[in-house]
Amino acid sequence: MMDELMDAEGWIDEEWIEEEEWIEDSWMELEKARGEKVIKCSKRKIKASKNKPAAEQVTLIFEDTDNLDIEETYGIKIIGSKVVVGQHTKNNTAFKEVAAKNINEKRFLEYVAGQIEDVNGPELKLTLAFEKGYSIEITNYVSVEEQKNKPK
């Protein structure tokens, strides 16, 4: 009865439901990768086009220890307006930017997503944490998806 009332009142927004599904799918990819070792990490710039602003992409290829075939890997591609790879040093009080390849051979520990207020307005932040204080910070991420072409 309540669902019918909510539908009649226009409370359920189809766009909101699609956005929620995208968020759940995105987090499923990150959940799957937790605890896995990074085989290859790469970062690249994406040039602006008529329909899209300039962006940056980070691609992470993980070993798949949940699969019985040891040679199996899978990847995650994340696109955002800015991607920073770094390492926390001196008891996590300093953050130093490093090359993406420094993430290789580190286990993916955790991710934190949220929105922070900036001088230009709200900003989406996604932080991926790895062993030995390494992390990747993605600002205004627009996609978190499975990498289709998996390099060997």
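The values are calculated or read from the model by the stated rules, or taken from the named source; none is laboratory data. Computed from a predicted model, the values in this text were never measured in an experiment. Using ideal geometry, Cβ is built from the backbone for each residue, glycine included, and neighbour counts are taken over all protein chains shown. Note: accessible area is taken over every heavy atom of the protein model, side chains too, but ligands, DNA and RNA are not part of it. Shrake-Rupley method; radii C 1.70, N 1.55, O 1.52, S 1.80 Å.
A few points about this structure:
- Residue in segment 100-108 that is open to solvent by 30 Å² or more (accessible area, probe 1.4 Å), in a strand (DSSP E or B) and touching a Leu at 6+ places or on another chain (Cβ under 9 Å) present: no
- Given (1) open to solvent by 40 Å² or more (accessible area, probe 1.4 Å); (2) farther than 17 Å from K43 by Cα; (3) of a type in the set (A, V, I, L, M, F, W, C), number of the condition A94 does not satisfy: (1)
- Among residues of segment 26-39 that are buried (at least 18 other Cβ atoms within 10 Å of the Cβ) and modelled with pLDDT of 90 or more, those with a beta-carbon under 6 Å from a residue that is β-branched (V, I, T) and assigned to a helix (DSSP H, G or I) at least six positions away or on a different chain give the pairs V38/I103.
- Considering each residue of segment 114-124 in turn, at least one proves to be under 15 Å from the mean Cα position of the chain (by Cα), surrounded by fewer than 14 Cβ atoms within 10 Å (Cβ to Cβ) and not charged (D, E, K, R).
- Subset of segment 114-152 (residues that are touching a residue at least 60 places away in the same chain (Cβ under 8 Å) and closer than 17 Å to V84 by Cβ): L128, F130, I136, I138, N140, Y141, V142, V144
- When K52 is tested against (1) open to solvent by 50 Å² or more (accessible area, probe 1.4 Å); (2) among the basic types (K, R); (3) not in a loop (DSSP other than H, G, I, E, B), exactly one condition is not met: (3).
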